[in-house]
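First comes the structure, then the notes that go with it.
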Amino acid sequence: MSQWYCLNLGDALTAGIELERIERAFATAFVRHGRPGDMGLFVRHVSEGQLHCDVVVYFTPAAAEVANRAQADLCPPPSRHGLGLLQGATEAWRLLPTEGE
């Protein structure tokens, strides 16, 4: 399986500007590449005992170009729990592990 990418944008209260920049870059790349079914941008709000939650963005392997520009880190595919598809093809959900994998 190809490598996923993730980027913690930090506190949800201050992550908005960076998230919008990533969304614009992703939308441009998605259209330029012909809206591929394996290209997706996912998001999860994570709270690990903090007062505010962090925004973590996950890029499918097909979104590597955008992930690299955003300086995202390599990571395993995220679990589906609490994950939302921010942009991209709905078919990108099939790239995620199912429960028990």
Using the Cα gyration tensor of region 50-95, the equivalent ellipsoid's semi-axes, largest first and to the nearest Å, work out to 18, 16, 10
Unpartnered cysteines of the chain (Cβ-Cβ under 4.7 Å counts as a partner)?
CYS53
Kirkwood radius from Cα pairs of the chain plugged into Stokes-Einstein at 4 °C, 1.567 mPa s, gives D in µm²/s equal to 95 µm²/s
Here, HIS33 and HIS81, labelled 7 Å along Cα→Cβ, have an inter-label distance in nm of 2.8 nm
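None of the figures in this text is laboratory data; all of them are computed from the coordinates on show. Quick caveat, the model's predicted, so the values are computed rather than measured. For neighbour counting, all protein chains shown are included, and Cβ atoms are generated from backbone atoms with ideal geometry for every residue, glycine included.
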